[in-house]
Amino acid sequence: MKFTIDWEKIINDDEDPPAELVVTSAMDGEEHKEVLSNLSNTELTEKIRRLKRSLSGTIGARLRDGGEKLRANIKLHEGELERRQQVGSQKQADSKTVNAFKKEIYALNPCDHKRTLNRQFSQRKCKRELLSQEEPYKFPVDKGETVLNIDLKGRDSSTPCYSEEKIASCFSKKTKASQAQSSHTKRHAYGEAVVLVDEEEPDANKAEERVDEVVECRNATKIYYPSRVDPESVEICCSDMESLAPEAYLSSTIMNFYIRYLQKKKAHADVDEYHFFNTYFYKKLKEAVLSKNEKEASFFKLRRWWKGVNIFEKAYIFLPIHEDLHWSLVIICIPDKEDQLGPILLHLDSLGLHCSKSLFGTIRKFLEQEWKFLRQGEVPALPFSDKIWENLPRRIDENVITVPQQRNEYDCGLFVLFFMERFMEEVHGRLKKKDFVMFGRRWFKPEEASRLRMKIHNILEEEFKNASED
């Protein structure tokens, strides 16, 4: 067992240290970080001062290693203090980025943008204050609920916000272009007329190109993805891109766009294994489950959402959940027949705010009702043995999955989309027991999911540009 000196016990500002050093079992890296995170900036600065004084005083001279471990400890404390200073600088940079994004949204769609953005950001402020009272976040684990690798410690509330350097640099470039434009042009109050004042200036051509892009996007203020004739097309307006601003919450429109994008990107043979419900389905499902009168009639109407699709033939059903201003994801997995298993429910939540047991209860009733409906007629070939199929409601397995946690309160939608994308990339064929190994806190880095914000913005920007050209 390794040992280290507990300097908090032996260092005293007014007295010399005792001859006998107090020794405690060494903490691992995570425990050390947790201890440091609980210190205020003042306490951290004072502790660094005390440790340095001990190193330069009589204690440092009496240590067998010459104070090597004590120097390493000082370095850890100084690193934590430096990290906090960087986080403070990053917040200032993020604030400038938000202002730059507002200007760009005005160029894309000047109508009524201020009222929408102010309302959205005020909601974000209220939610941030609410979440700060509830920290640290904890997983709502209910009695009797099957938990897979769940971290009962919950989310570390001291974790810094993720870096948005790429987002900031991208929008700063757009801001410069906008500034160049404003120095050489005059714009009508309603953005209808654009007049070049001095075409001989070096940047006049760049400004004119930027004006053309703005006019094109105004001409295509609405697009349909992947096309207008697609029965599952998503209608997107320029104003919908406001939810892609830094620190903004993703809207259902943006969520449904990227879900549709993932479907189109997947090879046709593979995408047949999946079924994607959009973000509005779960609310309708819950209403049908809670209906006190004519519950079967309510479910019969609900079946229009998956008309022509046999849910139990699919390998995976993605079901995004939006409740209490938060997004999470449920995946219904249908295993191979030889595995002798029933449907497997997975709940992936990047903050652990949604009650898994409640979600599982609603989805379990959905599967039971569909099972009853199919049993009324001739049952098609299914990936279940007769024994499993006859007792399907009792063979549904529920699992809360440990996943990487977001480092802020506004990236939950991005994490749900990234859960889908990463899952589709890494799981091949129907779910196997070995596939559970990929999950965990280290499945991916949180910043990978956060960077999805810029990726979606760029994809949509290109879609609007193509629509204008067409």
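The values are calculated or read from the model by the stated rules, or taken from the named source; none is laboratory data. Keep in mind the model is a prediction, meaning the values are calculated, not measured. Here the Cβ positions follow ideal geometry from the backbone for every residue, glycine too, while neighbour counts run over all protein chains shown. Each accessible area value is taken on the protein alone, full model and side chains, heavy atoms only, with ligands, DNA and RNA left out. Shrake-Rupley method; radii C 1.70, N 1.55, O 1.52, S 1.80 Å.
R422 meets the conditions (1) among the charged types (D, E, K, R); (2) open to solvent by 40 Å² or more (accessible area, probe 1.4 Å); (3) more than 23 Å from Y249 (Cβ to Cβ) in every case but one. The failed one is (3). G352: part of a loop (DSSP other than H, G, I, E, B), modelled with pLDDT of 90 or more and at positive phi, yes or no? Yes. Just one of the listed residues (W371, W327) is among the hydrophobic types (A, V, I, L, M, F, W, C), touching a Leu at 6+ places or on another chain (Cβ under 8 Å) and surrounded by fewer than 21 Cβ atoms within 10 Å (Cβ to Cβ), and it is W371.
Taking the criterion of being crowded, with 16+ Cβ neighbours inside 10 Å and among the charged types (D, E, K, R), the residues of the stretch 358-368 that qualify are R364, K365.
Conditions (1) open to solvent by less than 30 Å² (accessible area, probe 1.4 Å); (2) more than 30 Å from A245 (Cβ to Cβ), marked per residue:
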| site | (1), (2) |
| --- | --- |
| I331 | yes, no |
| L346 | yes, yes |
| V379 | no, yes |
| E398 | no, yes |
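For the stretch 425-470, filtered to residues that are open to solvent by less than 40 Å² (accessible area, probe 1.4 Å) and among the polar types (S, T, N, Q), the residue that is nearest to A245 (Cα to Cα) is S450.
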